[in-house]
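Report on the structure given below.
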Amino acid sequence: LSRTPVVPAPLTGSARRRPAASGPRAAYVPAEPSQEYEGAPMDPSEEDLGRLLARPSRAPQTPGATGKLYGLGVTFKKSDGLGGMVVKRVKSDGAAACTGAVDAGDRVLTINGTSLDQVSDALHLSKLTHGEALTVAVLQVVRLDGTEEEVIIVRGDS
């Protein structure tokens, strides 16, 4: 018996494939249009996107809340082991810049009573720095001259 190789038709656009007739070397051929696939997204990435968008939000929601989170408008350096975290930069349009209460080089010891020495990763830090509009963050700050003070920043108020 001689075998004739199966050459699939060229694919145009996005097409679903299904196995051809069974055999030792079954090739994949484009699926024929059918009711089974009618209305279904043809691109797997669209299916993946749909599943991601359908997932419930992990952020806690309060009734009537918009769900949009605002940061403090500061970037921190990696911990140097001397306690707290040092402000690397203050974003010019961020909440911290609007108050003028925090400067680059200041050391933030706590945010809302949580010591930054206990922060283990960026996600944990983000949970401390971000909140809904008009919520307050209280920071314990040590200035470059060594003075310590409490600073209040209102998120999303710029």
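The values are calculated or read from the model by the stated rules, or taken from the named source; none is laboratory data. If you're wondering where the values come from, they're calculated on a predicted model, not measured in any experiment. Glycine also receives a Cβ, built like all others from the backbone with ideal geometry; neighbour counts cover every protein chain displayed. All accessible areas refer to the heavy atoms of the entire protein, side chains included, with ligands and DNA or RNA removed. Shrake-Rupley method; radii C 1.70, N 1.55, O 1.52, S 1.80 Å.
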Note to self: Against the condition of a type in the set (A, V, I, L, M), open to solvent by 50 Å² or more (accessible area, probe 1.4 Å), over 21 Å from the mean Cα position of the chain (by Cα) and at pLDDT below 95, how does Leu144 come out, does it pass?
What the structure shows: yes
Next item on the list: For region 99-158, enumerate the residues that are in contact with a Gly (Cβ under 7 Å, 6 or more places away or on another chain) and polar (S, T, N, Q).
Entry: Thr129, Ser158
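Counting only residues that are more than 25 Å from Gly81 (Cβ to Cβ) and part of a strand (DSSP E or B), which one in region 131-141 is least open to solvent (accessible area, probe 1.4 Å)?
Start the filter on region 131-141 by keeping residues that are more than 25 Å from Gly81 (Cβ to Cβ), which leaves 131-136.
Still in the list and also part of a strand (DSSP E or B): 131-132, 136.
Details: Gly131: 10, Glu132: 54, Val136: 72 Å².
Looking at the filtered set, the residue picked out is Gly131.
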Notebook entry, point to check: If you take the residues in region 71-130 that are part of a helix (DSSP H, G or I), open to solvent by 40 Å² or more (accessible area, probe 1.4 Å) and among the hydroxyl-bearing types (Ser, Thr, Tyr), which one is nearest to Asp145 (Cα to Cα)?
Noted result: Thr99
Check: Restricting attention to region 147-158, which residues are within 26 Å of the chain's Cα centre (by Cα), open to solvent by 40 Å² or more (accessible area, probe 1.4 Å) and among the charged types (D, E, K, R)?
Finding: Asp157
